[in-house]
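**Student:** Before I ask anything, here is the structure I am working with.
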């Protein structure tokens, strides 16, 4: 029995978002546009140097789950928080958006993960993440009936940083495939790809992963090439289905020899690119699990991504279902 359209698995993080200029990034040795892993001491230091900030529940896969629910899809989420204030905020937010979230919180230390996100005037975001309780996610947090009942289980590549999460993902893949379901992943970040290239390629080539999401930089990093067409060609050989985003150039969806190009939607003002790839995956997977064409899946992804970069924060403030109707996509 199908209970959920998509189950997402990821690092449960509360985002703390503030604006800054490029000089601030340089002065604080922050790599622009990347997800920088930090320890508790640096987290406190950066927080002390931040300007006025907005707190919002985030985490890549959590954003995707929220997006799917906003489209009207049935979404579930696995992710570890602590039983502290930020953990309570995260749990409240994702449940309030209609996502099933029943992962048992961690009692005591380490605290719930948080990411200090600095947004520069060009809308680019530079993330500085203290994983905290995220590293405690393990196989015991897998709910077998949820995995078995989800059409697609999707996880973020960032999960390859906390080691026990790998075991949880492999257990999800075992259950999903045993029940005729599909597994999907996002490569997350080109620096993440550089850390785990061989393992990511093995996941794809072994059939553990059926659907891959990436952006242009991640696809190039995966194959250590500067030739985008070469990267796309090799990606089509290594996985059954892949969607690669290209910012204002839209996206390309590859399935074997089939290529589907999708235009980006026009965005009047790019405010904050946080969550763009997460919301593209949400729209795509919502369409995919509803049986839509690959072109329609890409259009739904472009719509969600375009809307989220026009606001501050990684989760849609508008109803994606309503917006999709306005755009004639549902």
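The values are calculated or read from the model by the stated rules, or taken from the named source; none is laboratory data. As the structure is a prediction and not an experimental result, all values here were calculated from the model. Neighbour counts are summed over all protein chains in view; Cβ atoms, including those assigned to glycine, are modelled from backbone coordinates with ideal geometry.
**Student:** Checking residue 77 against (1) at positive phi; (2) surrounded by 21 or more Cβ atoms within 10 Å (Cβ to Cβ), only one condition comes out false. Which one?
**Tutor:** (1)
**Student:** Looking only at residues that are in a strand (DSSP E or B) and out of contact with any helix residue (DSSP H, G or I) (no Cβ under 9 Å at 6 or more places or on another chain) in the range 16-36, which one is modelled with the lowest pLDDT?
**Tutor:** At the first step, the residues of the range 16-36 found to be in a strand (DSSP E or B) are 16-19, 35-36.
Pick out the ones that are also out of contact with any helix residue (DSSP H, G or I) (no Cβ under 9 Å at 6 or more places or on another chain) and you get 17-19.
Values: 17: 89, 18: 93, 19: 94.
By that ranking, first place goes to 17.
**Student:** Moving to a separate point now. Looking only at the range 12-26, decide whether some residue is within 30 Å of residue 180 (Cβ to Cβ) and either surrounded by 19 or more Cβ atoms within 10 Å (Cβ to Cβ) or touching a residue at least 60 places away in the same chain (Cβ under 8 Å) (or both).
**Tutor:** Just the residues of the range 12-26 that are within 30 Å of residue 180 (Cβ to Cβ), to begin with: 12.
Subset that is either surrounded by 19 or more Cβ atoms within 10 Å (Cβ to Cβ) or touching a residue at least 60 places away in the same chain (Cβ under 8 Å) (or both): 12.
The answer is yes, given that some residue of the range 12-26 is within 30 Å of residue 180 (Cβ to Cβ) and either surrounded by 19 or more Cβ atoms within 10 Å (Cβ to Cβ) or touching a residue at least 60 places away in the same chain (Cβ under 8 Å) (or both).
**Student:** Could I ask something else about it? Does residue 94 satisfy the condition of being assigned to a helix (DSSP H, G or I) and touching a helix residue (DSSP H, G or I) at 6+ places or on another chain (Cβ under 7 Å)?
**Tutor:** It is true that residue 94 is assigned to a helix (DSSP H, G or I) and touching a helix residue (DSSP H, G or I) at 6+ places or on another chain (Cβ under 7 Å).
**Student:** For the condition touching a residue at least 12 places away in the same chain (Cβ under 8 Å), within 30 Å of residue 19 (Cβ to Cβ) and not in a helix (DSSP H, G or I), what is the one hit in 212, 244, 254? Let's see the steps before the verdict.
**Tutor:** Values: 212 fails: within 30 Å of residue 19 (Cβ to Cβ); 254 fails: within 30 Å of residue 19 (Cβ to Cβ).
Only one candidate passes the filter, namely 244.
Okay, residues lined up against (1) in contact with a strand residue (DSSP E or B) (Cβ under 7 Å, 6 or more places away or on another chain); (2) free of Cβ contacts under 8 Å to residues at least 40 places away in the same chain:
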| position | (1), (2) |
| --- | --- |
| 52 | yes, yes |
| 57 | yes, no |
| 62 | yes, no |
| 67 | no, no |
| 71 | no, no |
| 74 | yes, no |
| 77 | yes, no |
| 80 | yes, no |
| 88 | no, yes |
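Rundown of residues vs (1) part of a strand (DSSP E or B); (2) more than 20 Å from residue 7 (Cβ to Cβ); (3) in contact (Cβ under 8 Å) with a residue 40 or more places away in the chain, yes/no style:
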{"residue": "199", "(1), (2), (3)": "no, yes, no"}
{"residue": "225", "(1), (2), (3)": "no, yes, no"}
{"residue": "235", "(1), (2), (3)": "no, yes, no"}
{"residue": "266", "(1), (2), (3)": "no, yes, yes"}
{"residue": "286", "(1), (2), (3)": "no, no, yes"}
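**Student:** Answer yes if at least one residue in the range 56-65 is over 19 Å from the mean Cα position of the chain (by Cα) and either under 19 Å from residue 277 (Cβ atoms) or at pLDDT 95 or above (or both), and no otherwise. Full working, then the answer.
**Tutor:** Of the range 56-65, the ones over 19 Å from the mean Cα position of the chain (by Cα) are none.
No, every residue in the range 56-65 fails to be over 19 Å from the mean Cα position of the chain (by Cα) and either under 19 Å from residue 277 (Cβ atoms) or at pLDDT 95 or above (or both).
**Student:** Confirm whether residue 138 is farther than 19 Å from residue 2 by Cα, modelled with pLDDT of 95 or more and either touching a helix residue (DSSP H, G or I) at 6+ places or on another chain (Cβ under 7 Å) or surrounded by fewer than 23 Cβ atoms within 10 Å (Cβ to Cβ) (or both). Before the answer, list the steps.
**Tutor:** Numbers: farther than 19 Å from residue 2 by Cα: yes; modelled with pLDDT of 95 or more: yes; either touching a helix residue (DSSP H, G or I) at 6+ places or on another chain (Cβ under 7 Å) or surrounded by fewer than 23 Cβ atoms within 10 Å (Cβ to Cβ) (or both): yes.
When the stated conditions are applied, residue 138 passes them.
**Student:** Which residues, counting only those in the range 153-179, are farther than 30 Å from residue 43 by Cα and in contact with a helix residue (DSSP H, G or I) (Cβ under 6 Å, 6 or more places away or on another chain)? Don't jump to the end; show me each part of the working.
**Tutor:** Taking the range 153-179 and keeping what is farther than 30 Å from residue 43 by Cα, we get 153, 170-179.
Within the range 153-179, 153, 171, 172, 175, 176, 179 meet the criteria.
**Student:** I'd like to check something: does the range 301-324 contain any residue that is more than 30 Å from residue 18 (Cβ to Cβ), in a loop (DSSP other than H, G, I, E, B) and free of Cβ contacts under 8 Å to residues at least 40 places away in the same chain?
**Tutor:** no
**Student:** Hey, among the residues in the range 268-284 that are in a loop (DSSP other than H, G, I, E, B) and touching a strand residue (DSSP E or B) at 6+ places or on another chain (Cβ under 6 Å), which one's surrounded by the most Cβ atoms within 10 Å (Cβ to Cβ)?
**Tutor:** Pass one, the range 268-284, residues in a loop (DSSP other than H, G, I, E, B): 268-275.
Filter once more, keeping what is touching a strand residue (DSSP E or B) at 6+ places or on another chain (Cβ under 6 Å): 272-274.
Working: 272: 22, 273: 19, 274: 29.
Result: 274.
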